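All remarks here apply to the structure that follows.
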Amino acid sequence: MSQTFSEPNSFTQSLFDQLKRHPKRVVFTEGEDLRIVRVAARFVELELGIPILLGRKDRITQIAEKEGLSLEFVKILNPREAGDFDLFCKFYEKLEHARGVKKVAFIEDTIAKPQNFGAMMVQYGQADALVGGNDAYPSTVFRSVRHLIKPLDKSVLFSVTVQASEDLELFGREHMLLLADTGVIPDPDATELAKIAVETGKLARHILGRKPRIVMLSHSTRGSGHSPSADKVRAATKLAQDRVKAEYLELDIDGELQADVALNAAAAELKLESEIKQDAPDVLIFPNLDAAHISSKLLSLIAGAKAYGNLVLGLSKPTAQIPMTANEEMILGTAALVAVEAIKFNQLHLDREL
């Protein structure tokens, strides 16, 4: 099994160290997958917590035996056979009634879907965090968690990818960058973009343990270009900065900036005509989904940066949607990331009523 996983980088090692002190339960919604079984065994081996695999026990056991993997301390649940199945069906029916649905159809079939059952587990405290998407379309995972997990008040649902590289230059002060929104909102307006910046900044503050620098990216640098997109980013920057001041948040938000100005001190000095040295950014906020998603994929495929996520933010419980192409290292790192988010999730949102 060891050849499946490389040595932890500084980012994942910090996550593992935290989880060894505070282990968590992570539910994997598509458990009948060799990658997931390998990750579950490694999760236990590293003493990070209890993995919960949704699927047929005989199938998952068969995969483990064939690969010589231990399932000790790995929990396997077939949703229809789980002890909480009937209770979750009742909860779901009440939830739909509260939403105005008088007659709820196909309740058992709905809750039997692993993404829905996993979301219910997290919402009602049977798991601390959720990872799904390795064998499902992204929309399936987003739809389940959006519908069944309580949202944070006045928030917006979006996703964040964390990327790490100890070899690339200009890659953050701790060799990592947070990118948003990489998976949900095609073209956020200024208000949504400002919320994305602030909430991603809070997550960065939680991960890094210090004041992060958040940069709002554009093709324009502080009015050098004019377009609806640049105007939107400029307005979003102002909204985000105003919120930081009003709520006394420990975040540094800058924008609108071109990518070279944000990342390269020489470009910033030239284009901003300033001798003030800016810290390297920790968070990059993109003007739309296309820009964020494409940039994330290019950093991974061409530059070789390690990607973890997508974390789904805007919900009251930690969840992540991983791509179908995710390898074991990405899945393990993502599971550790949402589990660490669960450790201090309430502290991260002290101003929210969960």
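Mean residue ellipticity, 222 nm, helices only, the chain: the sum of -39500 (n - 2.57) across DSSP H runs of n ≥ 4, divided by residue count and rounded to 500, is -14000 deg cm²/dmol. The alpha carbon convex hull volume per residue for region 83-171 rounds to 149 Å³. Applied to region 223-238, the Karplus parametrisation 6.51 cos²θ - 1.76 cosθ + 1.60 on θ = phi - 60° returns per-residue 3J(HN,Hα) values of x, 5, x, 10, 6, x, 5, 5, 4, 5, 5, 4, 5, 5, 4, 4 Hz, with x for Gly and Pro.
Going by neighbour counts of Cβ atoms within 10 Å, the residues Lys150, Lys317, Lys102 line up, fewest first, as Lys102, Lys150, Lys317.
Mind jotting down the distance between the C-alpha centroids of region 234-299 and region 75-153, whole Å? Each part reduced to its Cα centre gives a spacing of 37 Å. Going by the alpha-carbon gyration tensor, a ≥ b ≥ c the square roots of its eigenvalues, is region 158-300 rounded (a/c under 1.5) or, if a/c is not under 1.5, prolate (a/b greater than b/c) versus oblate? Cα axes put region 158-300 in the rounded bin.
Matching the structure-derived Cα extents along the principal axes in Å against the labelled list (1) 65, 53, 32; (2) 82, 45, 38; (3) 90, 60, 34 gives the label (1).
Phi angles of region 213-222 translate, via the Karplus equation with coefficients 6.51, -1.76, 1.60 and θ = phi - 60°, into HN-Hα couplings of 9, 10, 10, 8, 8, 7, 7, 10, 10, 6 Hz per residue; Gly and Pro are given as x. Could you compute the net charge surrounding Lys24? Neighbours are other residues with a C-beta less than 10 Å from the C-beta of Lys24; K and R count +1, D and E count -1. Combined, the nearby Lys, Arg, Asp and Glu give -1. Applying the Karplus relation 6.51 cos²θ - 1.76 cosθ + 1.60 with θ = phi - 60° to region 29-45 yields 3J(HN,Hα) values of 6, 10, x, 8, 9, 3, 4, 5, 5, 4, 5, 4, 4, 5, 4, 5, 4 Hz, where x marks Gly and Pro.
Looking at the square roots a ≥ b ≥ c of the eigenvalues of the Cα gyration tensor of region 26-67, which shape do they give, rounded for a/c under 1.5, prolate if a/b is larger than b/c, or oblate? Note, shape of region 26-67 comes out oblate.
Panel order for Ser70, Ser300, by other beta carbons found within 10 Å of each beta carbon, from fewest to most: Ser70, Ser300.
Under 30 Å of direct C-alpha separation, and excluding same-chain neighbours fewer than eight residues apart, Lys271 reaches these lysines: Lys195, Lys202, Lys211, Lys232, Lys238, Lys245, Lys297.
The residues neighbouring Ala64, those whose beta-carbon lies less than 15 Å from its own, together hold a net charge of 0 under the Lys/Arg +1, Asp/Glu -1 convention. Using C-alpha pairs below 8 Å separated by at least 6 residues, the relative contact order for region 158-300 is 35 percent.
Distant-in-sequence amide contacts of Ser159, defined by a placed amide H-H separation under 5 Å and a gap of 5 or more residues or a different chain, comprise Thr182, Gly183, Val184, Ile185, Leu313. Any idea what angle helix 289-301 forms with the longest principal axis of the chain, computed on alpha-carbon atoms, 0 to 90 degrees, nearest 10? The two axes meet at around 80 degrees.
Cross-link partners for Lys94 among the aspartates and glutamates, with Cα-Cα distance under 20 Å and sequence neighbours closer than 8 places in the same chain left out: Asp84, Asp86, Glu108, Asp109.
Computed from the coordinates by the stated procedures, all read-outs in this text should not be read as laboratory data. Just so it is clear, the structure is predicted and the values come from calculations on it, not from any experiment. Every residue, glycine as well, gets a Cβ built from its backbone with ideal geometry; the counts of neighbours run over all protein chains shown.
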